[in-house]
Amino acid sequence: MIELFLVSGITLFAIMLTWIFDFVNGFHDSANSIATIVATKVLTPVKAVGLAAFFNFLGILYVSEVAMTIKKGIIREELIIEYGIPIVLSTLLGAIIWDLITWWFGIPTSSSHALVGGLLGSGGAAAGLGAVVWSGTMKTSIFIIISPLAGLIIGFFIVAMVMRAAKNSKRAIANKWFRRLQLASSAFYSFTHGTNDAQKGMGIIMLILLADPLTTALVLQHDGVFLWVAVSCHAAIALGTFFGGWRIVKTMASRITKLEPYQGFSAETGAASILAVTAFFGIPVSTTHTISGSIMGVGAARRLSAVRWGVGRRIVVAWILTIPAAATISGLIFLGYLHLLY
């Protein structure tokens with residue numbers, strides 16, 4: 001943790017802003033972790049956010065490949081060293097502003113892709129297309145489409161298998177069992193949500209430390225993520241989840257489709273499985289996209305009309321807008337900085 005004592009004031013401010021981003025991320029995406037378990041009345045909202053926050057923090061025990069993608073795989077590291085802290089601050093501000101706009105309107109968009117958009121916007125403002133690491137950026141962009149579709153398909157098939165397995169059981173007995181199972185599936189989803197989303201903040205703090213001349217050498221010598229960075233980011237996202245964004249809970253828990261316990265279990269299990277796999281391979285996917293797709297797939301397995309596709313279309317529009325919107329905001333902020341500087 002010695003790195004934290006070496007940094008300048010502006011670097012410390014940027015690190016604190018990253019923790020705020022992680023808190024807002026947890027606040028914004030808390031619905032992802034608790035929507036189904038609240039919708040099926042397995043837990044009260046307060047108990048649900050407590051469970052989600054605890055397992056969000058435990059996500060620190062999983063791999064850190066997503067953090068490495070954020071650190072090295074979106075824009076060139078040399079650019080961070082050249083332009084310093086302002087380029088990272090512009091990234092964070094753009095992502096936070098877009099997150100707050102979508103939170104205010106109750107739209108479950110992606111904090112992850114807002115951060116990627118912020119990096120591309122500030123990097124693009126600094127060096128144009130030459131700033132972009134295309135392999136990591138394309139991988140992330142492709143999964144904007146793949147993750148919700150995979151969530152939909154896997155959610156559909158899991159709930160279809162569950163319905164087949166429980167077809168001879170009485171509804172009340174089946175729901176009793178799935179209420180218990182949903183505690184496990186919600187914990188699993190919260191774990192993968194924490195390990196996926198906290199890593200974005202971890203990657204950003206490593207970029208901040210890379211940008212500070214006092215700590216550049218330490219970061220270049222270190223192959224992964226400093227332990228204090230991982231602990232602080234998971235703590236921030238867990239706190240954000242605990243205080244939760246209830247506007248989005250309403251959209252996720254009831255406006256996409258009505259859920260029973262067996263459906264909530266299926267949606268959470270399907271989404272968490274995707275998040276675990278993508279985190280292992282270092283792909284920074286959207287937890288929001290994944291669980292939204294899974295909820296739609298679960299609803300469609302009952303009947304297509306069970307899903308409110310109009311709400312789904314509104315969410316998809318927000319997904320498409322996120323990267324360019326956050327990029328625009330971050331790019332304008334960084335251009336404003338350059339204008340003041342020169």
### Query
Residue-wise, which Karplus ³J(HN,Hα) couplings in Hz belong to the stretch 129-137, taking 6.51 cos²θ - 1.76 cosθ + 1.60, θ = phi - 60°, and x for glycine or proline?
5, x, 6, 7, 8, 5, 4, x, 5
### Summary
Of 232-241, 87-96, ordering from highest average Cβ density within 10 Å down gives 87-96, 232-241
### Packing-based ranking, highest mean first, of 206-214, 184-192, 11-19, 110-118 given that Cβ atoms within 10 Å are counted
110-118, 184-192, 206-214, 11-19
### Message
I need the calculated FRET efficiency for the pair Leu129 and Phe54, taking r as the beta carbon distance and R₀ as 45 Å, to the nearest 0.05.
### Response
0.55
### Placed amide H near Ile75: partners under 5 Å, 5+ positions off or other chain
Val133
### Task
Under 14 Å from a label point 7 Å along Cα→Cβ of Leu338: give me every residue in the stretch 62-91 with its amide N that close.
79-80, 82-84, 86-88, 90-91
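The numbers here are math on the coordinates, done by the rules we state, and not lab data. Just so we're clear, the structure is a prediction, and the values are computed from it rather than from any experiment. Ideal geometry is used to build each Cβ from the backbone, glycine not excepted, and the neighbour counts take in all protein chains shown.
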